[in-house]
């Protein structure tokens, strides 16, 4: 069963995405009772628990690496998405182009960037720092890009959003570091890093399932069925191109600043992954098909990044320094 052992996450990911989207209208009322916020916070806690405080503070010395990933996520992704939407204007309805811009303008995904970085042997402290920065800045970054390209105003509560993101992202990291001050917990977390990473990935699957059910319910209320196969193909090609371009830019540009493999993987992942939760909330306000690109981008990034991480990781596992040239 080597194939199953190697790709168990990818197989389960495809299953939860498919079942969630397919059975969304049926399961929505049941899964609405699940504490989604607690799941997000728990994944962040599991992700931060094996990390010593010195690892997190060490990203200060890697300012260019964190800055590059933040720049890709907040300043490069939205214009790139707008250009792709403009380029595909005749093949992509305006509402889908708007949704693509929204997907690009939302912050780095709350937990999976750090989990995927750790899965691939990368520097998850950088991914965590990028997650914190982009999420806390999203109430400024997101409205700006939508106004700049769409001249649209959106209803968003910056204070409420900031408080929620503090509870979901910052507080779990602080709690994890406080727990690590207990020697037995710190030692256990360090020795059980792999098990904690697997538990975090299970949490990611739960989050993806809840998000897929929510998206499936909302898609059932839209005219998504009116989208032709060719349009679906163009949309999937657009989100795939956007994600791969951002990943490739992060991978290539990080090499130019002399980053080692662990840092390069963190930059590429954190600079290209986008969160579903905020994206859906904003896209729904634009109605109709605008939420489809966010769903497509989220599913694509998880599947593609699982393949990329699993493909890259074996090539560096034998390198004790974690360096990689290409």
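The values are calculated or read from the model by the stated rules, or taken from the named source; none is laboratory data. Quick caveat, the model's predicted, so the values are computed rather than measured. Backbone-built Cβ (ideal geometry, glycine too); neighbour counts: all protein chains shown.
Residues that are in contact (Cβ under 8 Å) with a residue 60 or more places away in the chain and in contact with a helix residue (DSSP H, G or I) (Cβ under 6 Å, 6 or more places away or on another chain) number at least 2 in the following helices (runs of 4 or more DSSP H) confined to segment 140-212: 171-179.
So which residues in segment 75-112 are part of a loop (DSSP other than H, G, I, E, B) and under 21 Å from the mean Cα position of the chain (by Cα)? Hits for segment 75-112 are 106, 107, 108, 109, 110, 111. For segment 250-257, the criterion of being within 15 Å of the chain's Cα centre (by Cα) and either farther than 19 Å from residue 310 by Cα or surrounded by fewer than 24 Cβ atoms within 10 Å (Cβ to Cβ) (or both) is met by none of the residues. Whether a residue is over 21 Å from residue 70 (Cβ atoms), surrounded by 21 or more Cβ atoms within 10 Å (Cβ to Cβ), at pLDDT 80 or above and under 11 Å from the mean Cα position of the chain (by Cα) was assessed, and residue 271 does not pass this test.
Per the conditions (1) without any contact (Cβ under 8 Å) to a residue 24 or more places away in the chain; (2) more than 19 Å from residue 49 (Cβ to Cβ); (3) part of a helix (DSSP H, G or I), the sole criterion not satisfied by residue 277 is (1).
Of the residues making up segment 44-58, those that are at pLDDT below 85 and surrounded by 21 or more Cβ atoms within 10 Å (Cβ to Cβ) are 44, 47, 48, 51. Quick one: would you say residue 69 is within 16 Å of the chain's Cα centre (by Cα), at pLDDT 85 or above and assigned to a helix (DSSP H, G or I)? Spelling it out, residue 69 is indeed within 16 Å of the chain's Cα centre (by Cα), at pLDDT 85 or above and assigned to a helix (DSSP H, G or I).
In the set (1) in contact with a helix residue (DSSP H, G or I) (Cβ under 7 Å, 6 or more places away or on another chain); (2) in a helix (DSSP H, G or I); (3) surrounded by fewer than 24 Cβ atoms within 10 Å (Cβ to Cβ); (4) modelled with pLDDT of 85 or more, the condition left unmet by residue 121 is number (2). Residue 19 fulfils the conditions (1) modelled with pLDDT under 85; (2) in a helix (DSSP H, G or I); (3) surrounded by fewer than 18 Cβ atoms within 10 Å (Cβ to Cβ) except for a single criterion, (1). If I ask for residues that are outside any helix (DSSP H, G or I) and without any contact (Cβ under 8 Å) to a residue 60 or more places away in the chain, which ones from segment 247-263 would you list? Passing the criteria: only 258.
Scanning segment 22-37 for residues that are within 19 Å of the chain's Cα centre (by Cα) and at pLDDT 80 or above returns a single hit, 37. You will find that of 211, 160, the residue that is out of contact with any strand residue (DSSP E or B) (no Cβ under 8 Å at 6 or more places or on another chain), modelled with pLDDT under 80 and within 14 Å of residue 109 (Cβ to Cβ) is 211 and no other. Here 266, 296, 283, 290 are screened, and the one residue that is more than 23 Å from residue 150 (Cβ to Cβ) and not in a loop (DSSP other than H, G, I, E, B) is 266.
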